[in-house]
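Notes for the one structure printed next.
The values are calculated or read from the model by the stated rules, or taken from the named source; none is laboratory data. Here the structure is a predicted model, which means the values were calculated and not measured. As a convention, Cβ positions derive from the backbone with ideal geometry for all residues, glycine included, and neighbour counts pool all protein chains shown.
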Amino acid sequence: MVGLVRPTANTTHLSNLKVELVQGDVTDPASLEGLFRGGDWLIHAAGMLGQSGLPESAYHQLHVEGTRYVLLAAAEAGVERVLYVSSPGVLGPIEGETTDETAPLAPSNPYERSKAAAEKAALEFAARGLPVIIARPEFIYGPGDWHVLGLFQAVQKGLFFYIGNGQAVCHPTYIEDAVRGMVLCLEKGEPGQIYHITGPRPVTFREYGETIADVLGVRRPWLRLPKAAAWIGAVGLEAVGKLTGMTPPLSRTGVAFFSENRRFSWQKAHRELGYQPRIELAEGIRRTAEWYRQQNLL
């Protein structure tokens, strides 16, 4: 097994894995030349989540141009199967019932727009004969994750608040389920097809926050902030962050995330691949909190 890492990447957390690390950059096609020769399967998961202050061009360069470079190199190397890791976020906020893979693309922010454009590029390669399968894992959390750590810490400190009434819906996916589902996509997925890989069920942010609080043994979140007020506050914090170079504690992307509905069906992956998410929210939160504590992060 071979892993591609940037020359500037911190690879200390990979030291105990049986993986050969090679240097390269998906945005630099010259660095990919010949790297994939002899490889049977390729997983393209390089990406960057939404961050305050980044120009949209940065997402486009990484997600769209980087994907094209990787898939071109894979085609030239004759790779047998390619998994492109996308996101259900390309469908934008969800109104009404749970959404499946047939829903039209409706991205609502720079990250989602770039991932949607990358999906289109991947499907173009698939149409030309490259065996590309697209997986859309949603809101991954679990041991080893740093992105959701701030949410756990905010709940622990009593700083987490709901935007609106806390009834907006998210769809968390525990890391073991996400990995299992993506491996099934790579092994059994039909080239040119898209598969949602999610947790067992969507939950409200109120349930999510209360579950974290119960696992941590702290008071359940109770503060609420109207969406309009949160949006105005985020604009101000982003402006301050731009001047000081600090990451704002709340961004407009964050306000949207905590106030919009995201719920997705995993039934296609179940029917065609045998995927079945196993880890319910409470158990996943417990395991995640335990790992954070072991790392002295909580």
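Considering only residues that are of a type in the set (Gly, Ala, Ser) and assigned to a helix (DSSP H, G or I), look in the stretch 176-209 and name the one that is nearest to the chain's Cα centre (by Cα).
Out of the qualifying residues, it is Ala178.
State all residues of the stretch 210-263 that are hydrophobic (A, V, I, L, M, F, W, C) and part of a strand (DSSP E or B); if no residue qualifies, say none.
Of everything in the stretch 210-263, just one residue is hydrophobic (A, V, I, L, M, F, W, C) and part of a strand (DSSP E or B), namely Leu225.
I need the full set of residues from the stretch 73-118 which are within 23 Å of Glu33 (Cβ to Cβ), exposed (fewer than 15 other Cβ atoms within 10 Å of the Cβ) and not acidic (Asp, Glu), in order please.
Once the filter is applied, which keeps residues that are within 23 Å of Glu33 (Cβ to Cβ), exposed (fewer than 15 other Cβ atoms within 10 Å of the Cβ) and not acidic (Asp, Glu), the stretch 73-118 yields only Gly78.
Taking the conditions exactly as written (closer than 24 Å to Leu298 by Cβ, at pLDDT 95 or above and hydroxyl-bearing (Ser, Thr, Tyr)), does Tyr162 satisfy them or not?
no
Pull up the stretch 210-245, narrow it to residues that are among the charged types (D, E, K, R) and under 18 Å from Ile279 (Cα atoms), then point me to the one that is farthest from the chain's Cα centre (by Cα).
Here the answer is Asp214.
Six or more apart or on different chains, Cβ under 7 Å: which pairs go from a residue in the stretch 1-20 that's more than 22 Å from Ala74 (Cα to Cα) to one that's assigned to a loop (DSSP other than H, G, I, E, B)? Could you list them?
Lys18/Met1
Taking the condition within 24 Å of Glu112 (Cα to Cα) and touching a Gly at 6+ places or on another chain (Cβ under 6 Å), does Thr67 pass?
no
Within the stretch 121-146, track down each residue that is farther than 17 Å from Met48 by Cα and of a type in the set (Ser, Thr, Tyr).
Correct list: empty.
Scan the stretch 152-171 and give yes if some residue there is crowded, with 19+ Cβ neighbours inside 10 Å, within 15 Å of the chain's Cα centre (by Cα) and either of a type outside the set (Phe, Trp, Tyr) or part of a loop (DSSP other than H, G, I, E, B) (or both), otherwise no.
Within the stretch 152-171, one or more residues are crowded, with 19+ Cβ neighbours inside 10 Å, within 15 Å of the chain's Cα centre (by Cα) and either of a type outside the set (Phe, Trp, Tyr) or part of a loop (DSSP other than H, G, I, E, B) (or both).
Can you report the number of residues in the stretch 180-202 which are surrounded by fewer than 22 Cβ atoms within 10 Å (Cβ to Cβ) and farther than 20 Å from Arg262 by Cα?
Of the residues in that region, 10 qualify.
Residues of the stretch 115-171 being touching a Lys or Arg at 6+ places or on another chain (Cβ under 6 Å) and among the hydroxyl-bearing types (Ser, Thr, Tyr), which ones?
Tyr162, the sole residue that qualifies.
Please go through (1) more than 15 Å from Arg263 (Cα to Cα); (2) out of contact with any Gly (no Cβ under 6 Å at 6 or more places or on another chain); (3) of a type outside the set (Gly, Ala, Ser); (4) modelled with pLDDT of 95 or more for Ile133 and return the number of the only condition it doesn't satisfy.
All conditions are met except number (2).
Does Glu76 satisfy being within 23 Å of Gly192 (Cα to Cα), under 19 Å from the mean Cα position of the chain (by Cα) and of a type in the set (Asp, Glu)?
So Glu76 does not fit the description; no.
Anything in the stretch 1-54 that is farther than 30 Å from Leu237 by Cβ and polar (S, T, N, Q)? List them, or say none.
Within the stretch 1-54, Thr11, Thr12, Ser15, Asn16, Gln23, Ser31 qualify.
If a residue has to be touching a residue at least 60 places away in the same chain (Cβ under 8 Å), closer than 17 Å to Glu138 by Cα and either within 19 Å of the chain's Cα centre (by Cα) or part of a loop (DSSP other than H, G, I, E, B) (or both) to count, how many in the stretch 264-298 make the cut?
Of the residues in the stretch 264-298, 13 are touching a residue at least 60 places away in the same chain (Cβ under 8 Å), closer than 17 Å to Glu138 by Cα and either within 19 Å of the chain's Cα centre (by Cα) or part of a loop (DSSP other than H, G, I, E, B) (or both).
Looking at the stretch 109-151, which of its residues are hydrophobic (A, V, I, L, M, F, W, C) and part of a loop (DSSP other than H, G, I, E, B)?
Matches in the stretch 109-151: Leu130, Phe139, Trp146, Val148.
Identify the residue in the stretch 28-53 that is farther than 22 Å from Pro137 by Cβ, in contact (Cβ under 8 Å) with a residue 24 or more places away in the chain and aliphatic (A, V, I, L, M) and, among all such residues, is surrounded by the most Cβ atoms within 10 Å (Cβ to Cβ).
The qualifying residue surrounded by the most Cβ atoms within 10 Å (Cβ to Cβ) is Leu32.
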